[in-house]
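The values are calculated or read from the model by the stated rules, or taken from the named source; none is laboratory data. Values in this document were obtained by computation on a predicted structure and should not be read as measured data. Note that we place each Cβ from the backbone using ideal geometry, even for glycine, and neighbour counts take in every protein chain shown. Side chains are part of the model used for accessible areas, which takes the heavy atoms of the whole protein and leaves out ligands, DNA and RNA. Shrake-Rupley method; radii C 1.70, N 1.55, O 1.52, S 1.80 Å.
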Amino acid sequence: MGTKLVFLPDEDALIALGAELAGRIEAGVVIELRGDLGAGKTTLSRGLIQGMGHRGAVKSPTYTLVEPYEHLTPPVYHFDLYRIVDPDELHYIGVDVYFNDESVCLIEWPEKAAGALPQADLCIRLEHDPKGRYLSYEAHTKKARRIMGQQ
Ligand code: ADP
Ligand code: MG
């Protein structure tokens with residue numbers, strides 16, 4: 001699927017985009033968030049998770065690998081794989097239980113999983129720009145296209 005580019009001038013714009021995705025989120029989707037440190041992966045996750053009704057902080061689960069938001073509908077699992085050294089670590093923590101038809105999985109640093117996780121429906125990439133951030137994405141499934149507001 002083609003890559004679409006969106007310019008986000010500030011943090012609020014990124015949060016608002018996350019909230020917009022929250023309104024169209026569907027159970028069973030896997031969303032990869034790619035981009036350098038500080039690109040905005042967690043900020044976008046925060047917009048989405050709070051947009052789904054979570055009250056409270058949303059931080060990168062850098063040390064715990066995954067932060068569950070099971071009070072949301074559908075439940076969300078937010079991963080940050082930055083510190084993973086060996087993709088086998090994902091099997092040790094029993095990561096498979098998080099990936100199912102009822103959940104939404106957000107994955108920061110998916111490249112660290114090196115194929116140890118299910119294929120993503122949606123791949124979102126954030127890039128630094130002197131004036132803000134650029135977001136591009138590839139929707140690999142119908143669900144992903146609906147979430148991004150496409151046909
Ligand atoms: P990551 O999870 O990709 O490492 P974070 O979301 O934790 O990045 O941090 C992004 C940083 O960039 C935050 O300090 C945030 O305020 C800032 N930021 C987010 N979106 C924008 C934007 N569109 N323009 C400028 N700064 C932004
Ligand atoms: Mg982060």
Next on the checklist: Tell me the per residue accessible area of the chain using a 1.4 Å probe; a whole number in Å² is fine.
Outcome noted: 52
Checklist entry - Which one of Val97, Leu65, Gly18 has its Cα pushed farthest toward the positive end of the charge dipole of region 3-147, where Lys and Arg give +1 and Asp and Glu give -1 at the Cβ? => result Gly18
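Please get the size of the charge dipole for the chain, origin at its Cα centre, with Cβ charges of +1 on Lys and Arg and -1 on Asp and Glu, quoted in debye to the nearest 20. Each step should come with its number before you reach the end.
Working: 16 positive and 22 negative charges, 102 e Å.
Rounded to the nearest 20 debye, it is 500 debye.
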Item to check | MRE, 222 nm, helices only [DSSP H, n ≥ 4, -39500 (n - 2.57), over the chain, to nearest 500] | outcome: -6000 deg cm²/dmol
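Using a 1.4 Å probe over the heavy atoms of the protein chains, calculate the carbon and sulfur portion of the accessible area of the chain as a whole percent.
49
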Checklist outcome for this item: Looking only at lysines whose Cα falls under 20 Å of Lys142's and that sit 8 or more positions away or on another chain, we get Lys4
Next on the checklist: Give the separation of the Cα centroids, region 48-72 to region 82-144, in Å.
Outcome noted: 15
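For a protection proxy built on the mean count of beta-carbon atoms within 10 angstrom, sort 46-54, 23-31 highest first, please. Let's see the in-between values first.
Details: 46-54: 20.6, 23-31: 17.0.
So the order, starting with the most tightly packed, is 46-54, 23-31.
State whether region 3-147 is rounded, prolate or oblate according to the following rule on the C-alpha gyration tensor (a ≥ b ≥ c being the square roots of its eigenvalues): a/c under 1.5 gives rounded; otherwise a/b larger than b/c gives prolate, and the remaining case gives oblate. All intermediate terms of the calculation are to be shown ahead of the outcome.
On the way: a/c = 1.44, a/b = 1.25, b/c = 1.15.
In terms of gyration-tensor shape, rounded.
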